[in-house]
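First up is the structure itself, then whatever we jot down about it.
The values are calculated or read from the model by the stated rules, or taken from the named source; none is laboratory data. Treat the numbers as computed from the prediction; the structure is a model and nothing was measured. Note that each Cβ is placed from the backbone with ideal geometry, even for glycine, and that neighbours are counted across all protein chains shown. Keep in mind that these areas ignore ligands, DNA and RNA; they rest on the heavy atoms of the full protein, side chains included. Shrake-Rupley method; radii C 1.70, N 1.55, O 1.52, S 1.80 Å.
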Amino acid sequence: MASTRRVLGEPAALSGISHHLPYSNPHMLHNHPPDTSFGRNQEESSFDFGELEEPIVLGGVKINKNKTKETLYSSVKASAILEMLPSWPIPRQRESSKSGEESTDSGSALIKPDSESPISTKAPSDHHKTARAAAEDDSDREHDDLQPPQPPLQSPDIQMESARTGVSQSKSAAKQTTEKTLRRLAQNREAARKSRLRKKAYVQQLESSRMRLSQLEQDIQSARSQGLFIGGRATTGNISSAGAVFDMEYSRWLDEDIGHMSELRAAVQSHLSDGDLRAIVDGYVSHYDEIFRLKGVAAKSDVFHLITGTWVTPVERCYLWMGGFRPSELIKMLIPQLDPLTEQQLLGICGLQQSSQQAEDALAQGLDQLHQSLLQTIANSSLNDSMHHMVIALGKLANLEGFVRQADNLRQQTLHQLRRILTVRQAARCFLVMGEYYGRLRALSSLWASRPRE
Amino acid sequence: MPYQSESQSYYSSSSRGGGGGNVSSEPMETVIKLASGSAVVVFSVSTCCMCHAVKRLFSGMGVSPTVYEIDQDPKGKEIEKALTRLLGGTSAVPVVFIGGKLIGAMDRVMASHINGTLVPLLKEAGALWL
């Protein structure tokens, strides 16, 4: 039965046809959760009884075990549904009043708003033909088109079937095509239902994650304000005073960043004038200039604090490059999100990515040479003049600050050039994307830290 | 650029050719003379890592600068003093000249590369062909 349905698994071209009893098999009942979103379903073009399977079954619908379960379900379902939920509004009115006469096909069933007339659930006209439950054809169009030959139904338990005994069975050929159509419809409905359920589950998952995320951010915020955390971590004794000062300044900068972000978001959504938007965008550039300045001050006192990266969250630390973000990586992330760009802008941005990449490589090679030279100095010291070599090593180590400063300079220049290339509106969106990107990296760290562990 | 105007004022105040000018301008003249000698000139110290970074930056772009290692040059001390004065008191190296014009230390070089002015300067000086 399942196989026959699969064969007709065409894209849901006919899924717009509403009101049908989807093919149901006993397995499916266990697969999907009881769905109470009837109202929502009604807005969709396809009205799906599938969600009612479980409640129907749970409601104690009597099913004749003699029949193939599918047919039973489908045949009983419509009537049972209305009996259980008589006031349930049906999106599409059924024109035909009499099940027997309306029935276009063995597989179609009519659902009437009033439960008075038995729902013409169409058990398969030929039991052997429709191994699976006949889908209810809810399209009046279909009803009109299909010839309603009604072979005698073989399930005396079901009231409707007996009502159809009088229908002629002459057009078996037409019936077959209608059966195929109905099977196809049923498959489409089933697929649509499944995808709706999947979508719902996914959305629910997203919603809960989002709520959890905001909750975590709130917790961190409150903990931070209580002074428990400096720079997002509990203070240990290992942070130098310069490092601690920088951490505090950085956490304040992060708070201001949130403010800038909401300002940018509101400005972009509310379509401010270019002049107002420019002020906000330039304010964000100055916001970054500020952190580079603070880092410069901190590098003078404690460059290792910046390099080891305890001031950023763990996930950010994975991607830390010379005490901060890697400009070429940022540009690479931004390029696809900056559409639409003019030809010239695209050239400029790609050129920016290339030049920042070259500058990064140059700095990295210089730093590498520093490492090698430092190690050589330490390794070469003999017992006699080890102190001398240590002094030399100290001198070399002092160059570290220069590299971090050049890296920050590179980051700052990249942001400024980005601002120059883009229009005000593009820059606003660009900075929004950038801010959200780094915000997500930070949030990822929070989520990771609070993940449940066995 | 402030550097440029400073070097130009030095240039105009001291006599050309190095004969008879006051002593303090000689190193500067040396520097300027060396700087004008090639399309791209880098004053460096052989053990300086930032100088190494500048050299790698140019070679990565396909440029072959003329490098003066002032720790290996007999006139190194003077050049170092002149460069320190030129840059305003920070470290003397690395310093880059392109087409005889002072570009500056590493931060200026990188800034001009990022804002797209370095490549045109290099092309203008004949150091880059494509």
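Assuming R0 = 41 Å, can you tell me the calculated FRET efficiency for the pair residue A:252 and residue A:191, based on Cβ-Cβ distance, to the nearest 0.05?
The calculated FRET efficiency here is 0.20.
Please list B:110, A:333 from largest to smallest accessible area, probe radius 1.4 Å, with all protein chains kept in place.
Ranked from most to least accessible, the order is A:333, B:110.
What FRET efficiency do you get for residue A:420 and residue A:201 if R0 is 51 Å and r is their Cβ-Cβ distance, rounded to the nearest 0.05?
The calculated FRET efficiency here is 0.65.
Defining a contact as two alpha carbons under 8 Å apart and six or more residues distant in sequence, what relative contact order in percent does the range A:244-448 show?
Normalised by residue count, the contact order of the range A:244-448 is 35 percent.
Can you give me the % of accessible surface on the range A:244-448 that is carbon or sulfur? Probe 1.4 Å, all protein chains present, nothing else counted.
Accessible surface attributable to carbon and sulfur in the range A:244-448 totals 59 percent.
What order, most packed first, do the peptides A:396-409, A:179-192 have when packing is the mean number of other Cβ atoms within 10 Å of each residue?
Result, highest mean Cβ count within 10 Å first: A:179-192, A:396-409.
Does the range A:244-448 come out rounded, prolate or oblate by the C-alpha gyration tensor, with a ≥ b ≥ c the root eigenvalues, rounded set by a/c under 1.5 and, if not, prolate when a/b is larger than b/c and oblate if not?
prolate
B plus A alone minus the pair: what accessible area, both sides summed, probe 1.4 Å, in Å² to 100?
1600
As an exercise, use a Förster radius of 51 Å and the Cβ-Cβ distance of residue A:210 and residue B:73 to find the FRET efficiency, rounded to the nearest 0.05.
0.20
Once phi is turned into ³J(HN,Hα) by the Karplus curve 6.51 cos²θ - 1.76 cosθ + 1.60 with θ = phi - 60°, what whole-Hz value does each residue of the range B:95-103 show in order, with x for glycine and proline?
10, 10, 10, 10, x, x, 9, 6, 9
Taking a 19 Å limit on the Cα-Cα distance, which of the listed pairs B:55/B:123; A:396/B:75; A:295/A:332; B:33/B:77; B:33/B:75; B:33/B:101 fall beyond it?
Those over the limit are A:396/B:75; A:295/A:332.
Under the 0.36 nm per residue contour assumption, what length would be gained going from the current alpha-carbon distance of residue A:221 and residue A:386 to full extension?
54.5 nm
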